[in-house]
Amino acid sequence: MDWPLEFGIFLAPFHPVGQNPTLALERDLELVVRLDQLGFDEAWFGEHHSAGYEIIASPEVFIAVASERTRRIRLGTGVSSLPYHQPFMLADRMVLLDHLTRGRVMMGVGPGALPSDAFMMGIDPMAQREMMEESLEAILALLDGSEPVTREAGWFTLRDARLHLRPYSHPRFEVAVAAQISPAGPRAAGRFGLGLLSIGATSAGGFDVLGSHWTTMEERAEEFGTVVDRRKWRLVGPMHIAETEEQARRDVEHGLAEWIDYFQRVAALPLAPAEGDTGQQVDALMASGFAVVGTPDMAAAQIERLIEQSGGFGTFLLMAHEWADREATLRSYELFAKYVAPRFQGSLPSLAGSRDWAAEHRPAFIGAAGGAIMKAITDHQAEREKRQQSESGPGA
């Protein structure tokens, strides 16, 4: 790739039931602050309304709080489930956030992930992807603002609608569409010339379709006269790293089994065998290529694998989780920022080159430095002798 990668997190979040949810949300905010300090570029926050684990109901509210505690990290809805919202109201809230964050907000959109959410709102799962695209078309027209928007979609109505507050970002904040395995996300992203959030990029099905997803985006962009940019493509995958693979494996004994159980029993997305001990579960996740539990070198190899499979993308997002305890989790992100991210940001070759050049010319530099020291000593001695002679007088 001809550009440096950026890095961030995708924070659903995943908090096992049985613990204080207020403290769990505070840990999420603490994590975002720490990532901001470590130089991560982005953080995306999910929207969920059932099942007890993913407890951020409004990513916009969470972003408003996080923005006050951070300085530079960009903050996105990951994602706003469009069938759950009247598009005018959602667009208006995002524009307000764009102003409050001084342009640090991003909008990720999707059809909604949990079937239980849609059920409670009486939404037909078969209609969600169509509803998403209808809403997205309306939201982008509202953000464009060149003319009033009138839409009648059956499930929402807009009549001469216009946003009285224009976005802070010009011409608007970034918008990205979520994708798992189906082509719905790439089709919408290509049609409107948006970014793509490949949430299941490292799952078996998601990894296999990375290339075809980008092809779909390019075909749709050509069909509708839009432009798509690989640098606005984000790939998501889970990792936990430590100084050694053995330490990383010990760390995830804290919470990996509960996380797998949630996906097996509630989210209807089996990722690894629920039976067996944690070591066997780690082996299964690693063998499938879905996750990395190991060292910074292993994390870097996973990113290289994704680059090769996709043909190039712009940002890698770590799927946030609590496989390990608080200290080990924060340490994992620190190790990633220290040893993994720089390999893909172009910041290491110049440092190594400067060190090697200095080492190669060390004899000449040391000789010159030694000569300068000896000259300083000689000059100092000569000055002292001259001063002593002057003080002793001509008759001395």
* Going by the structure shown, is PHE45 within 29 Å of ALA337 (Cα to Cα) and not acidic (Asp, Glu)? -> yes
* Being touching a residue at least 60 places away in the same chain (Cβ under 8 Å) and within 22 Å of LEU271 (Cα to Cα), is that true of even one residue in the stretch 167-183? -> yes
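Looking at ARG187, ARG234, can you tell me which residue is touching a residue at least 24 places away in the same chain (Cβ under 8 Å), within 26 Å of ARG93 (Cα to Cα), out of contact with any helix residue (DSSP H, G or I) (no Cβ under 9 Å at 6 or more places or on another chain) and assigned by TED's automatic domain parsing to the domain that holds GLU147?
On the way: ARG187 fails: out of contact with any helix residue (DSSP H, G or I) (no Cβ under 9 Å at 6 or more places or on another chain).
The conditions single out ARG234.
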* Asked: Just checking, which of GLU327, GLU304, GLU385 is outside the structural domain of ARG74 (by TED's automatic domain parsing), free of Cβ contacts under 8 Å to residues at least 40 places away in the same chain and in a helix (DSSP H, G or I)?
  -> GLU385
* Structure fact -> With criteria (1) surrounded by 10 or more Cβ atoms within 10 Å (Cβ to Cβ); (2) more than 30 Å from PHE316 (Cα to Cα); (3) of a type in the set (A, V, I, L, M), ALA364 comes up short on (1)
* Structure fact -> The condition from (1) in a loop (DSSP other than H, G, I, E, B); (2) β-branched (Val, Ile, Thr); (3) at pLDDT 95 or above that VAL177 misses is numbered (1)
* Kindly check whether there is at least one residue in the stretch 311-323 that is crowded, with 16+ Cβ neighbours inside 10 Å, in contact with an Asp or Glu (Cβ under 8 Å, 6 or more places away or on another chain), aliphatic (A, V, I, L, M) and part of a helix (DSSP H, G or I). => no
* How many residues, within the stretch 17-66, are touching an Asp or Glu at 6+ places or on another chain (Cβ under 8 Å) and without any contact (Cβ under 8 Å) to a residue 12 or more places away in the chain? -> 2
* To do: Looking only at the stretch 49-63, decide whether some residue is closer than 20 Å to LYS232 by Cβ and of a type outside the set (Phe, Trp, Tyr).
  => yes
* Structure fact -> In the stretch 22-42, residues that are assigned to a helix (DSSP H, G or I) and either closer than 21 Å to VAL340 by Cβ or of a type in the set (Phe, Trp, Tyr) (or both) total 8
* Which condition does ALA127 not pass, out of (1) of a type in the set (Gly, Ala, Ser); (2) in contact with a Pro (Cβ under 8 Å, 6 or more places away or on another chain); (3) surrounded by 21 or more Cβ atoms within 10 Å (Cβ to Cβ), if it passes all the others? -> (3)
* To do: Would you check which residues across the stretch 267-293 are within 22 Å of ILE199 (Cβ to Cβ) and of a type in the set (Gly, Ala, Ser) and list them?
  => ALA267, ALA268, ALA272, ALA274, ALA284, ALA287, SER288, GLY289, ALA291
* Can you find a residue in the stretch 121-129 that is assigned by TED's automatic domain parsing to the domain that holds VAL175, acidic (Asp, Glu) and out of contact with any strand residue (DSSP E or B) (no Cβ under 7 Å at 6 or more places or on another chain)? -> yes
* Unmet criterion (only one of (1) at pLDDT 95 or above; (2) crowded, with 20+ Cβ neighbours inside 10 Å; (3) of a type in the set (A, V, I, L, M); (4) over 22 Å from ARG74 (Cβ atoms)) for LEU114 -> (1)
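The values are calculated or read from the model by the stated rules, or taken from the named source; none is laboratory data. What you are looking at is a predicted structure, and each value in this text was computed from that prediction instead of being measured. All Cβ positions, even for glycine, are placed from backbone atoms using ideal geometry, and neighbour counts span all protein chains on display.
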